[in-house]
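For reference, the structure discussed in these notes is given below.
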Amino acid sequence: MKQSRTARRTHGFTESVIREMTRVANQHGAINLAQGFPDFPCHEVLKDAACTAIRADINQYAITWGTPRLRRALAEKYRKFYGLEVDPEEEIVVTCGATEAMAAVHMAIVNPGDEVVVLEPFYENYGPDAILCEARPVMIPLDPPDYRLDPDRLNAAISPRTRAIVLNTPNNPTGRVFTREELDAVADACREHDLFAITDEIYEHIHYEGAHIPMATLDGMRDRTITVSGFSKTFSVTGWRVGTIVAPPDLTAAIRKVHDFLTVGAPAPLQEACAAGLESLGDDYYRQLAIDYRARRDSLFPALVAAGFSCTCPQGAYYILADFSALSDLDDEAFSRRLAKEAGVAPVPGSSFFQDPGRGRSLVRFAFCKRIETLKEAGERLRSFAARNA
Ligand code: GLN
């Protein structure tokens, strides 16, 4: 039998469908509500600080695990917002986005043959993150319309091989902000079975209901939680690729080694700019961020309902998972492409958030991290598409 020219570890997953849909949107000149990146500018403080850093010749490698100024500012933020004491010398790694952070964390703590529990629907990177470590992602299904975590399903997913539970709150793609009760169920399972919690908290400042509760603040969880976040969403700079990891010192030491050999480090001048953002933007900035996102949600959500989609209003993050079965019998891939071409609005096919593609067959995800004008125009286009196809 002819040997494959590529390594087996690359065979268990496909290219990112989210990024693919950006290419499809560009091809049709469609409004890109697929990949979650803002179409509005970041704060002037960040732009100025980035330019200043480049002009001040901060253009060489930073310390591999992050500039001292950024790590200090981040530790201060965790203390101020969540009452978490974080040692910037021993417990922080700055990475090339939360994407690298999640991959580096998996490589640092997950062994081949382990299982990693993931809540489904899930952000598409978590599957490959486990598979690249030759581990097996094990899904816990969350059911619409509430997408609540059922503790019985959680317990049923855990086996002697389980190493970690991945939790993303506020959640992409469901919009859930998990409650204290749900987080407690995850924490109980971690304590009882000696597991790690890998939490992706990249949307920590974007929520409309409830409060964001970092897993690391729960009793006994500080020592078994790896908290991933970053500045892409909080500072609207997805192209800067500056992510962060907070973890206990022994785990941080392993994560730093992986990170160093993967990327050496995140862009030095942009780390300075993120530090300046943390230092100079006050509570008002974060409050306004959530207010602005609420207005964007409140523009797109009713437009989707009016166009015939069935969806749950998100409590946080900036996505809406929408059922289109009342509009079309096509599958999610074909419908997404049709929407990009004929309506001029590109979503992400729902199947990319499920291990079994069948579960996402009549779903698409819309991102609302866009200017109100963009969202209004998208809403109009969807309404007129639905009217033409009624
Ligand atoms: N997190 C964003 C999304 O879900 C962007 C993903 C990416 O391309 N890194 O669309």
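Every read-out reported here was derived from the displayed coordinates using simple, explicitly stated rules and does not represent laboratory data. Quick caveat, the model's predicted, so the values are computed rather than measured. When we count neighbours, we look across all protein chains shown, and the Cβ atoms used for this are built from the backbone with ideal geometry, even at glycine.
Is it the case that the range 40-59 has a residue that's at positive phi, among the acidic types (D, E) and more than 16 Å from the ligand (Cβ to nearest atom)? Can you show your working first?
To start, the set of residues in the range 40-59 that are at positive phi comprises 57.
So of that shortlist, the ones also among the acidic types (D, E) come out as 57.
The next check asks that each one be more than 16 Å from the ligand (Cβ to nearest atom); those that pass are 57.
Yes, because at least one residue in the range 40-59 is at positive phi, among the acidic types (D, E) and more than 16 Å from the ligand (Cβ to nearest atom).
Output the qualifying pairs, or none if there are none: Cβ atoms under 7 angstrom, residues six or more apart or on different chains, first residue in the range 7-22 and over 14 Å from R365 (Cβ atoms), second residue more than 14 Å from the ligand (Cβ to nearest atom).
R9/I131; R9/L132; R9/E134; G12/I131; F13/I131
Could you tell me how many of the residues in the range 26-55 are touching a Leu at 6+ places or on another chain (Cβ under 8 Å) and assigned to a helix (DSSP H, G or I)?
Of the residues in that region, 3 qualify.
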